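To start, the structure itself, in structure tokens.
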Amino acid sequence: MNMEARVGVVVEGGQRALNSAHGTVVDAGARKFLQHQHQQQQHGHSSKQGLNPQIGTIQQLLAGGIAGAFSKTCTAPLARLTILFQVQGMHSDVSALSKASIWREASRIMNEEGVRAFWKGNMVTIAHRLPYSSVNFYAYERYKSFLQSILGLEDQRGNASADLCVHFVGGGLAGMTAASATYPLDLVRTRLAAQRNAIYYRGIWHAFHTICRDEGIFGLYKGLGATLLGVGPSIAISFSVYESLRSYWQLQRPDDSTIMVSLACGSLSGIASSTATFPIDLVRRRMQLEGVAGRARVYTTGLFGTFRHIIQSEGLRGLYRGILPEYYKVVPGVGIVFMTYETLKMLLSRIPTSY
């Protein structure tokens, strides 16, 4: 799943940060939480003696939202290139697609649309991040409490496998809830970013009005099934790859900087997650763009029929169209989220709170 649309993993311990699209890098909050849990088991520190300042719920949401929005703004050019490559096969001659390249497409945008065109749809991306983070945070806490009560873990500590199961399942359910609640914003963002010279949607509210008028209210949820299908695998791969790499790294090089370890392992887990779930994200993007501007529908057989249609017309490579710009934005995206979130958290921790 594309990193912008990929659902962020929300974890306990006051550590919250966004990732993405389709949205899949393990967020900074997860990395710091897992690190803190490891230190508790090793040294018996209390939860109030962690390396990170404790901040309230509102500050956590604010820090996570700003960090995610800032990261998305910085990587927006690569995000738009990813979307344009993903949807090229819908109405293009497949034989012409072999000529496409990142630099050629970037030059075309620069020459035909101007520099600002690299940030098409970024405002709705920012608008999507804040409610997404809030829903994700709230839903995770509710799901976590519910799962702990079912498994009888309220008063137990130190059961690593059970705790990981709670975080994994709770995070997945919260991600699906947040994705469903904020999906129309994600669809509008995709359509704004996919526009080239012909401008059909003049802004966020015009896009909402036009979609509802032309396609009905359910037009705002095109591709939701593919999004939800990609949430579970994305989180599973992110967690498993990150945890395996982090444990191995710390075993081999225990004195390395925790920031460097978190960034490196998080970036690699994002690359692995992107590789595994990118076809689902590509299908989701194309389903979101069905019927735009009155164009004839291309995919009329549902999710799996769309997969089959792409493979038949473009080959297996068609499912990975746009993967390179996706890779290019993983590392800077993780770094920017991590550094921005931690910096804001440090600043906000100095503000008294009763939350």
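The values are calculated or read from the model by the stated rules, or taken from the named source; none is laboratory data. From a predicted model like this one, the values you see are computed outputs, not experimental measurements. Virtual Cβ from ideal backbone geometry, glycine too; neighbours counted across all protein chains shown. Accessible surface areas use protein heavy atoms only, side chains included; no ligands, DNA or RNA. Shrake-Rupley method; radii C 1.70, N 1.55, O 1.52, S 1.80 Å.
Structure above, values below:
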{"quantity": "From phi via Karplus (6.51, -1.76, 1.60), per-residue ³J(HN,Hα) for region 60-77 in Hz, x at Gly/Pro", "calculated": "4, 5, 5, 5, x, x, 5, 4, x, 5, 5, 4, 5, 5, 5, 9, 4, x"}
{"quantity": "Where labels lie 7 Å past Cα in the beta-carbon direction, separation of R297 and W119 in nm", "calculated": "3.7 nm"}
{"quantity": "Contour minus Cα-Cα distance for T343 and H206 (0.36 nm per residue)", "calculated": "45.7 nm"}
{"quantity": "Solvent-accessible area of R321 with every protein chain in place, 1.4 Å probe, in Å² to the nearest 10", "calculated": "40 Å²"}
{"quantity": "Heavy-atom accessible area ranking, 1.4 Å probe, most first, across S313, S244", "calculated": "S244, S313"}
{"quantity": "Estimated inter-spin distance, R317 and N111, nm [label 7 Å along Cα→Cβ]", "calculated": "2.3 nm"}
{"quantity": "Shape category assigned to region 110-189 from the gyration tensor of Cα positions, a/c cut at 1.5", "calculated": "prolate"}
{"quantity": "Accessible surface, 1.4 Å probe, highest first, among residues F208, F168", "calculated": "F168, F208"}
{"quantity": "Solvent exposure, largest accessible area first (probe 1.4 Å, DNA, RNA and ligands not counted), of L62, L263, L289", "calculated": "L62, L263, L289"}
{"quantity": "Relative contact order computed over region 186-299 (Cα-Cα under 8 Å; 6+ residues apart), in percent", "calculated": "33 percent"}
{"quantity": "Value of Rg to Rh for region 206-245 (Rh from inverse mean 1/r over Cα pairs, i.e. Kirkwood)", "calculated": "1.34"}
